[in-house]
1. About its Cα centre, what dipole magnitude does the chain give when the only charges are +1 on Lys and Arg Cβ and -1 on Asp and Glu Cβ, stated in debye to the nearest 20?
2. For region 11-158, what's the relative contact order in percent, using C-alpha pairs closer than 8 Å and at least 6 residues apart?
3. For region 1-75, which trypsin sites (Lys or Arg not before Pro) are in a loop by DSSP, counting at most 12 other Cβ atoms within 10 Å?
4. Between Ile58, Ile93, Ile23, find the one with the highest GNM mean-square fluctuation for the chain; connect C-alpha pairs within less than 10 Å.
5. Residue-wise, which Karplus ³J(HN,Hα) couplings in Hz belong to region 22-39, taking 6.51 cos²θ - 1.76 cosθ + 1.60, θ = phi - 60°, and x for glycine or proline?
6. Debye calculation, C-alpha points only, no solvent: report log10 I(q)/I(0) for the chain at q = 0.10, 0.15, 0.21 Å⁻¹, in the same order as the q values.
7. To the nearest 0.05, how large is the calculated FRET efficiency for Glu41 and Thr98 if R₀ is 22 Å and r is the Cβ-Cβ distance?
8. If a paramagnetic tag sat 7 Å from the Cα of Asn24 along the Cα-Cβ line, which residues of region 36-54 would have the backbone N under 20 Å from that point?
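A short reminder: the numbers here are calculations on the coordinates, not readings from a lab. On a predicted model such as this, the values are computed, not experimentally measured, just so you know. Cβ coordinates were reconstructed from backbone atoms using ideal geometry, including for glycine residues, and neighbour counts include every protein chain displayed.
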Amino acid sequence: MGLSIVTYDAPVLRAVSRPVRRINRTVQQLIDEMIELMRGEQGIGLAAPQVGELRRVIVVEAEKGPVGMVNPRIRERVGSVTALEGCLSLPGILAEVTRAEKVRVEYLDREGRRSWLDADGLLARAVQHEVDHLNGILITDRALSLIALGVGEGDGRCE
Ligand code: ZN
């Protein structure tokens, strides 16, 4: 368990991740360790570039437990909602970001099965946030406004 979260201006956060061609033990282990790290940080989502891996892998905390998604693609977006959002790679910053209210995301699960998830609320926001990471996009790029927090502040709902 050697993963740690890269932050701020690390170049890996600005790169575009490459698709996973085959889901092997290495990818499954990455998913498992990312879930562990996300939970340890009390986050609701994490993307592979945030741990220095430029692969299209994300994990999100869904109602029924954590979900690992390989090669996720947002297939439908409905509505629009603006809210404050944090990022585990940008500690101390909250950004006001407009996202789709609901999304349908297509992905391969941990075993390589084609899967779909219909998400709304915080989960929909987390999925969109994590897919942005795979494309090198950060909340500061989408921010309508930014809030800088003092050390130790924040609501702990970061992605
Ligand atoms: Zn983030």
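1. Values: 21 positive and 23 negative charges, 168 e Å.
For this selection, approximately 800 debye.
2. Values: 300 pairs, mean separation 41.2, N = 148.
Once normalised by length, the contact order is 28 percent.
3. Listed in order of number, the matching sites are Arg21, Arg22, Lys64.
4. Answer for the Gaussian network model of the chain: Ile23.
5. So the J values, rounded to whole Hz, are 9, 8, 10, 4, 4, 5, 4, 5, 4, 4, 4, 6, 5, 4, 4, 5, 4, 5.
6. -0.31, -0.73, -1.50
7. About 0.30, to the nearest 0.05.
8. So the set is 48-49, 52-54.
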